[in-house]
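All remarks here apply to the structure that follows.
Rule-based calculations on the coordinates, nothing more; no lab input. Here the structure is a predicted model, which means the values were calculated and not measured. Please note: Cβ atoms are built from the backbone with ideal geometry, for glycine as well, and neighbour counts cover all protein chains shown.
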Amino acid sequence: TVNDNVSGSATVLELARAFDRAVTKKKLDAPKHCAIAFVWFPEYYGSLPYLLSKTRQSRIVFGINLDMIGERQEITSSTLNFIRAPSMLRSEYEALLLHELLDELSQSRTPSALRKTLAYRVDVMPYERGSDHDIYLQLGIPSVMLNQWPDRYYHTDLDTLDKFDVEIATRIAIAVGTTAYLIATNSVDKSILSSLRRYYDEYVRGYEAVRTSLDTIHKRYRHESKELDKTKYRYAGAPGAISIRMLFHKLPKHRFYELFDILDKERQLWGIVTGYIPIVLRHKAMSLDELSQNILEEYGIEIDTQTLEKLLNYLVEIGLIERV
């Protein structure tokens with residue numbers, strides 16, 4: 001289908017061709033600091049073996065996942081979502097990409113022409129699982145996803161060419177290509193990158209705070225000095241996506257349905273339990289209090305430690321999480 005995900009695949013292909021033309025005609029110098037890789041693979045089944053192999057041979061500094069990016073927003077009712085990495089895997093290159101993206105998508109000027117305004121709906125979102133950026137992040141590689149959502153034609157036979165917006169796909173490609181080239185040629189001064197990263201951190205923190213429900217906003221960034229539980233949890237499984245199918249096969253049936261009922265009633269917990277928690281615990285062992293505070297800061301969602309322990313116990317039971 002066209003938006004999911006011919007749009008991302010075709011845009012990456014055209015971007016690769018544009019770089020090839022520019023370097024061949026000597027309009028751009030070939031990158032010497034590091035390589036730009038253009039990769040297409042089946043979701044998860046391709047990215048996992050590819051990255052397990054690639055990370056043994058080289059260091060990957062940043063990943064940009066283009067998944068459903070060329071939509072005519074007035075038809076599909078979608079928004080272009082900049083899905084950022086969990087804070088502990090945030091990179092200055094993430095800030096650089098958002099800078100280039102907002103600049104490229106800003107076309108119209110304000111009445112007094114003080115600055116350009118965005119020509120498309122854009123939002124900056126906390127980490128959300130569901131595509132190949134998950135595998136990059138599990139392996140410690142800072143990565144973001146660009147994705148248009150919600151899409152009223154998603155996974156239907158109406159996801160056709162008339163819903164495709166060449167203009168937005170082009171502008172996204174320019175922003176992504178510019179970012180990749182600046183990284184690969186080491187063209188941005190380190191002090192500028194450092195400042196950009198600091199401002200980006202402040203922006204994310206403030207933006208998430210004003211989007212937090214009022215009853216938890218005073219708790220979101222509160223760090224209490226208290227004795228933390230000495231028991232910590234860390235991810236012990238192999239890299240890869242945690243799916244409903246995996247949980248169904250590994251848990252006793254009554255335990256699976258217990259977990260399924262919890263996640264079905266609190267839908268936001270599904271992505272946190274199967275996506276966010278495995279990634280952060282893979283990189284740092286945390287107590288229940290620490291993990292609860294991280295979730296509150298990242299998503300503005302308060303999960304009490306008893307509920308969190310109950311959810312972790314399911315993953316401990318199948319060997320994906322261990323107590324340390």
Given 10 as the ceiling on other Cβ atoms within 10 Å, longest exposed-site-free region of the chain for GluC sites (Glu not before Pro) in DSSP loops:
1-223
Helix 288-299: inclination vs the chain longest Cα principal axis, degrees, rounded to 10, gives 30
Can you list the residues, at least 5 places off or on another chain, whose amide H is less than 5 Å from the amide H of GLU71, using H built in the peptide plane?
ASP165
Between the range 228-260 and the range 149-163, what is the C-alpha centre distance in whole Å?
33
GNM on the chain, Cα springs under 10 Å; top mean-square fluctuation among VAL210, VAL61, VAL144 goes to VAL210
Once normalised by the length of the range 121-263, the mean sequence separation of its alpha carbon contacts under 8 Å that are 6 or more apart gives a contact order in percent of 29
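Please report the projected area of the range 1-126's Cα convex hull averaged over all directions, in nm². Walk me through the numbers on the way to the answer.
On the way: hull surface 43.4 nm².
Projected over every direction and averaged, the Cα hull of the range 1-126 covers 10.9 nm².
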Fraction of beta bridges assigned by DSSP in the chain that are antiparallel (%, nearest 5)
60
Nitroxide proxy distance, nm - points 7 Å out along Cα→Cβ at ASP157 and LEU13:
2.4
Dipole check, the range 58-97, charges on Cβ (K,R +1; D,E -1), about Cα centroid: among MET68, TYR93, ASN81 the Cα furthest to the positive pole belongs to TYR93
When the chain is treated as a GNM, springs tying every alpha-carbon pair under 10 Å, which of ILE174, ILE75, ILE303 comes out with the largest mean-square fluctuation?
ILE75
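Taking R0 as 25 Å, what FRET efficiency do you get between ARG56 and ARG198 from their Cβ-Cβ distance, rounded to the nearest 0.05?
Details: r = 33 Å, r/R0 = 1.34.
Here the calculated transfer efficiency is 0.15.
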If you average the alpha carbon positions of the range 288-314 and of the range 106-146, how far apart do those two centres end up, in angstrom?
26
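So, with +1 on the Cβ of K and R and -1 on the Cβ of D and E, and no other charges, what is the size of the charge dipole of the chain about its Cα centre, to the nearest 20 debye?
Numbers: 42 positive and 44 negative charges, 204 e Å.
About 980 debye.
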Tell me the mean residue ellipticity at 222 nm calculated for the chain from its helices only (DSSP H runs of n ≥ 4, each -39500 (n - 2.57), averaged over every residue, nearest 500).
-14500 deg cm²/dmol
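With charges set only on the Cβ (+1 for Lys and Arg, -1 for Asp and Glu), what does the dipole of the range 87-210 come to about its Cα centre, in debye to the nearest 20? Numbers along the way, then the final one.
Working: 13 positive and 19 negative charges, 101 e Å.
Charge dipole of the range 87-210: 480 debye, to the nearest 20.
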Net charge within 11 Å of GLU74 by Cβ-Cβ distance, Lys/Arg positive one each and Asp/Glu negative one each, not counting GLU74 itself?
+1
Can you match P(r) over Cα pairs in 20 Å bins from 0, in percent to one of these, (i) 28, 58, 14, 0; (ii) 27, 40, 22, 10, 0; (iii) 32, 54, 13, 0, based on a calculation from the structure here?
(i)
Just to check I understand the Karplus step: with θ = phi - 60° and J = 6.51 cos²θ - 1.76 cosθ + 1.60, what whole-Hz values come out for the range 50-55, glycine and proline as x?
4, 6, 4, 6, 5, 6
Identify which of ALA169, ALA30, ALA180 has the largest mean-square fluctuation in a Gaussian network model of the chain, with springs joining Cα atoms closer than 10 Å.
ALA30
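With a/c under 1.5 counting as rounded, go ahead and sort the range 135-259 into rounded, prolate or oblate using the C-alpha gyration tensor (a ≥ b ≥ c being the square roots of the eigenvalues; past the cut-off, prolate if a/b is larger than b/c, else oblate). Write out the running numbers ahead of the final one.
Values: a/c = 1.68, a/b = 1.14, b/c = 1.48.
It is oblate, given that a/c is not under 1.5 and a/b is not larger than b/c.
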Interchain or long-range residues, amide H under 5 Å from MET125's placed H:
PHE82, ILE83, ARG84
Just to check I understand the Karplus step: with θ = phi - 60° and J = 6.51 cos²θ - 1.76 cosθ + 1.60, what whole-Hz values come out for the range 313-323, glycine and proline as x?
4, 5, 6, 5, 4, 9, x, 7, 10, 10, 8
Assigned charges on the beta-carbon of Lys, Arg, Asp, Glu; the range 251-324 dipole about Cα centre (debye)
320
For the range 17-24, just list the computed ³J(HN,Hα) in residue order, Karplus coefficients 6.51, -1.76 and 1.60, θ = phi - 60°, integers in Hz, with x standing in for Gly and Pro.
5, 5, 4, 4, 4, 5, 6, 4
